[in-house]
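Input: a single structure, listed below in structure tokens.
The values are calculated or read from the model by the stated rules, or taken from the named source; none is laboratory data. Please read these numbers as outputs of a predicted model, since none were measured by experiment. FYI the Cβ positions are ideal-geometry reconstructions off the backbone, even for glycines, and counts take in every protein chain you see. The protein model used for the area step is the full one, side chains on, heavy atoms only, and it has no ligands, DNA or RNA in it. Shrake-Rupley method; radii C 1.70, N 1.55, O 1.52, S 1.80 Å.
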Amino acid sequence: YKKFVVNMDKTFSFARKRTKKYADLALMDQQQVQQPQRSRQFKQFFFADEVSADAGVDEESSKCPVQKIRNAIPTKFVNPSFIERLVHRGELNNEDISEIGAPLLMAGVDTTAYVMSWLYLNLASNPDVQTKLAEELHSVLKGADLTTVEQIQSLPYLRACIRESHRLTPPVPIQAKKLKQE
């Protein structure tokens, strides 16, 4: 139990520090982008015809909520991260945001470990399935590690095994799902 407590404390400390670092970076990115946005808003107000002619398709007027989030939050990534979204809202300071990161990290680690444990147990309980999966892995990967999306997409039986195991033994006791067809 003592080792568990020490490891949990280390994990929480790591998550707090890392989350604080990313929140600080997101805040800096947000502050750097605010100045150019102000000048663009000024141009739009006073020179609306020129700005709209230069812009072509106006992504900011999109009704898609995902596009609105992408346009609203400065980020170096394709989509803003959870931390960037929290910083953008401005409701929490970076210390509060760093306190949120640790429980989320632990929740992600626990559920992933739970899902993988059940997958291994379900495969061990079904040797025919395990053999078929091993054959697919060997024929596609040829002993290499699974490292790319393309490799994952070329392993339909692996995806089916994961989904079936997840269906049989979900990580949470209740999942609300609706059938598309009966």
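Between amide H atoms placed 1.01 Å from N, distances below 5 Å from Asn126 occur with no residue 5 or more places distant or on a separate chain. Scalar couplings 3J(HN,Hα) for the stretch 140-152, obtained by applying the Karplus form with A = 6.51, B = -1.76, C = 1.60 to θ = phi - 60°, are 8, 8, 6, x, 7, 6, 7, 10, 10, 5, 4, 5, 4 Hz; x denotes Gly and Pro.
Ordering 20-26, 123-129, 157-163, 99-105 by mean Cβ neighbour count within 10 Å, with the highest value first, yields 20-26, 99-105, 157-163, 123-129.
Among Asp96, Asp29, the sequence by solvent-accessible area, most first, with a 1.4 Å probe is Asp96, Asp29.
Once the convex hull of all Cα atoms in the stretch 119-170 is built, its volume per residue stands at 79 Å³. The accessible area of Thr131, taken with all protein chains in place and a 1.4 Å probe, comes to roughly 80 Å².
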